[in-house]
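Asks: Below: one structure in structure tokens.
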Amino acid sequence: MIKTNYKKTFGPIIILFTFLTITVLSFVFKNNFVGMFALFFLLIIISPSMISELLITDLIALLVSLTGLIGMSFTDGVERFFLLGEIAAVWGFVWIIHLFNDRAKYREAENKNKLTDMAAEIEKTKKEFFANKIKLEKISLRIAQYKNLTFATKEITKIDNLQELKEKLKNITKWILKCDNARLTTFLPTDDRPPDIFDAWVVQKQSPLLIANTLRDYRFDYSSIPKSIKSIIAVPIFHNKNIIGIIRTDSQVENRFLQEDMVVVSLLVGVAEITVENITLLEKTKDLSIIDGLTGVYVRKFFDERLHQEITRASRFKTPLCVILSDIDHFKKFNDTYGHQQGDEALKRFSLVLKNNCREMDIVARYGGEEFAIILPETSKNECMEIAENIRNNFQNEIINGQHITVSIGISAYPDDATEHSQIIRKADERLYIAKSTGRNKIVWKN
């Protein structure tokens, strides 16, 4: 680099002194050949590597011209014209040098503009590439979310009870949104946390809630918002047009959740709502199959299944168990005399007396036309007799169509009277028959 600069700086000076020397020789020897040689030598020495500094070149041309003019004063005739030609040739070459330099500058500027445009285009392409890369990453994330949503939908539709649905919905929400915090509020005493201002807003507006930055959301009082909550998604779960729960996820990071995330959670909640509806219908269907439509107590098939289970349980834990069989006295006569509507009313009234005098753990069932049966787990015979007496007394105090109706009751106990299902039922039935055949309106617990 230093050598090149040295050459560009001193090249024109060398040309000047060389040309002056040759011109002086031409004056001394009065030889035109020397002058021609000087011009030829000038043309050879001036190379493209020496024409970059135009100012120095112009000064050299000026000095050459002055030298030639001085030389013309010492010459005459042909030599004077020769010197004049030399001066003209020098300025001709200066013009050519300027012309090529301008073209070079124009091409350099053009190339520089092209390079600038190319650099700008490359920068624009880079920005578009990174923007498209970010978009692609977001699209890939959404595709993964929707794939996960498809899998989650299949998982949710398999659920057949509400408690499992609650746990599954929380776990799937955390999995799809890649977050550690999700909860389902159902406004029940068993919930871990009571509803806060965000849940209250969702209930009041009956609308999903998305907060990208709690510090900039002026719908809520900033002082009442925990500092650990920066962004929120809360989506209500509806059943029969009423909110039955809210699926909620919080984050300590601002702008953690986007509109697309809320759409995904809303789709997930939509599937959960359908599942809740299916579970409710399933329970209703199940109830219809095990509940007597007239009296609202269990049917005989369900009673038999539960008696098997309760005997097994009593055997395992060594606990007592009693069975009550009861029959409304003279029911056929009452039904024929006052009509089926009054007969149905008597059945309903008796079933209500049974449920009012039994515990929640007891199983009350309609065993036949006017016969009712009760399973009393973890109940001794003495306790059972007390319950049976309350049933008998309360029912005979009922007035149906102006009439008092009585009931007869037979009791059997596990393991005192029997240890198997059929034996326990047979014992209670035998004692019920004794009660009816010995005057009715009584309780028989042994024979």
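Asks: I'd like the per residue volume of the convex hull spanned by the Cα atoms of segment 353-415, given in cubic angstrom.
Replies: So the per-residue Cα hull volume is 87 Å³.
Asks: Between T186 and T337, what FRET efficiency follows from the Cβ-Cβ distance if R0 is 45 Å, with the result rounded to 0.05?
Replies: Working from the Cβ atoms, E equals 0.30.
Asks: What whole-number value in Å² describes the accessible area per residue of segment 100-147 for a 1.4 Å probe?
Replies: On a per-residue basis, segment 100-147 sits at 93 Å².
Asks: Using the basic label-point model (7 angstrom from Cα toward the beta carbon), what is the N240 to V253 distance in nanometres?
Replies: Each label point lies 7 Å from its Cα, and together they span 4.2 nm.
Asks: Roll a 1.4 angstrom probe over the protein heavy atoms and tell me the percent of accessible area of segment 154-299 that is carbon or sulfur.
Replies: 54
Asks: Over 24 Å between Cα atoms: which of K205/K241; K135/K168; K114/K135; K284/K348; K318/K355 fall into that group?
Replies: In this structure, K135/K168; K114/K135; K318/K355 lie more than 24 Å apart at Cα.
Asks: Roughly speaking, to the nearest percent, how much of segment 326-369's 1.4 Å accessible area is carbon and sulfur?
Replies: The value for segment 326-369 is 48 percent carbon and sulfur by accessible area.
Asks: Just grab the label-to-label distance for A88 and S223, each label 7 Å out from Cα along the Cβ direction, in nm (one decimal).
Replies: Distance between the two pseudo-spin positions: 10.0 nm.
Asks: Averaged per residue, what accessible surface does segment 357-447 expose to a 1.4 Å probe, in Å²?
Replies: Averaged over the residues of segment 357-447, the accessible area is 47 Å².
Asks: On to the next question. What's the extension gain from S437 to I143 if we count 0.36 nm per residue and subtract their Cα-Cα distance?
Replies: 98.1 nm
Asks: Where only protein heavy atoms count, and the probe is 1.4 Å, what is the accessible area per residue for segment 250-301 in Å²?
Replies: Accessible area per residue: 57 Å².
The values are calculated or read from the model by the stated rules, or taken from the named source; none is laboratory data. Everything numeric in this text was worked out from a predicted model, so none of it was measured. All Cβ positions, even for glycine, are placed from backbone atoms using ideal geometry, and neighbour counts span all protein chains on display. Accessible surface is based on the protein model in full, side chains and every heavy atom, while ligands, DNA and RNA are left aside. Shrake-Rupley method; radii C 1.70, N 1.55, O 1.52, S 1.80 Å.
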